[in-house]
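The structure appears below as structure tokens.
Taken together, the values in this text are just the output of simple stated rules run on the coordinates, not laboratory data. It should be emphasised that the depicted structure is a prediction, and the values quoted were computed from it without experimental measurement. Every residue, glycine as well, gets a Cβ built from its backbone with ideal geometry; the counts of neighbours run over all protein chains shown.
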Amino acid sequence: MSPPSAREPRKTGELTLRLLSAAVLIPMGLFVVWSGGWWLAIACAVFALIMGYEWSDMSRSIPAWAMMTASAVAPIAFQLGGWPYAFVAALLALLLIGVTAHVRTRAALGLLYTSAPPAFLLALREGAWDGQSAALIFMATVWASDVGAYFAGRTFGGPALSPKDSPNKTWSGAFGGVVSCMMCGVVAATLLNAPYLPWIIAGALISVVAQFGDLSESQAKRRFGVKDASDLLPGHGGVMDRVDGLGAVCLATVPVFLISSDLVRLLGLSG
């Protein structure tokens, strides 16, 4: 029998840290999303503020105070007055970036990464549909995608999904994430007494969008020459590293739900 590789203890320790961090983060996330309102708005603003710091530290394109302020205003503005207030807040944030940023393109792109996902999570939760069910189910489905991809990738290995941007992610992991989310779709349809096929398709799409968001953030980190956005979350990296997939899903879902009330009804999420 061959001796265990040096990577095995490191992977085991990393998994332990992930589980311990998740044991703290998941209940907190579930609580603020379940509660909604100002609980979630403040949580989203805090997450946006932290991600603003992470982007400033990675990109060196804008002072931390400016990026943190610009990132955190949108969720609070949305909670105060909906989309009109959020739109005005976004314009003011862009103005702040234009005045203070050294590299304006990087800073504006960073604002999309740090401000829009938390604001759109709040919009998903507070929308004119069953926002509580939608947000909780989508969060759980994105987590299932991460878990399925992680264990399928470790078990089956194989070719890298994106060798240049994220060499540790494999096609087998991506497929495992999709399958996990399709299973979540079955559970969601059962809970909501909705048709199974739309939710199975929705589960697969959620996984694809979440993995795209993850790869997009990996590409940004590679460009800046960093492995993680920060080391704030043991075993996970930074806040941005943990919410990139969910953020992408919220960014994609809210416009679709606003446009198509028929889809909302088909998924059993009518308010």
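Numbers at a glance
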item	result
Most mobile listed residue (Gly98, Gly127, Gly247) in the chain, GNM with C-alpha springs under 10 Å	Gly98
Hull volume in cubic angstrom per residue (convex hull over the Cα atoms of the range 36-126)	67
Residue-averaged [θ]222 nm for the chain, counting only DSSP H segments that reach four residues, each worth -39500 (n - 2.57)	-27500 deg cm²/dmol
Assigned charges on the beta-carbon of Lys, Arg, Asp, Glu; the chain dipole about Cα centre (debye)	540
Largest to smallest principal axis extent of the C-alpha atoms in the chain, angstrom	64, 49, 30
Computed FRET value (nearest 0.05) for Ser261 with Met183, which takes r as the C-beta separation and R₀ as 22 Å	0.20
Contact order relative to length of the chain, as percent, for alpha carbon pairs under 8 angstrom and 6 or more apart	19
Distance-filtered residues of the range 206-249 - backbone nitrogen under 15 Å, label point 7 angstrom along Thr105 Cα→Cβ	220, 223-224
Farthest positive-ward along the range 106-222 dipole, Cα basis, beta-carbon charges - from Leu124, Pro167, Leu191	Pro167
Gain in span if fully extended, Ala140 to Ala160, counting 0.36 nm per residue against the direct Cα distance	4.7 nm
Positive dipole terminus of the range 220-271, leading residue within Leu251, Ser230, Leu263 (C-beta point charges)	Ser230
Under the Karplus curve 6.51 cos²θ - 1.76 cosθ + 1.60, θ = phi - 60°, whole-Hz ³J(HN,Hα) for the range 204-221, x wherever Gly or Pro sits	4, 5, 4, 5, 4, 5, 4, 5, 5, x, 5, 5, 5, 5, 4, 4, 5, 5
Principal semi-axes in Å for the range 53-195 [√(5λ), Cα gyration tensor, largest first]	33, 25, 9
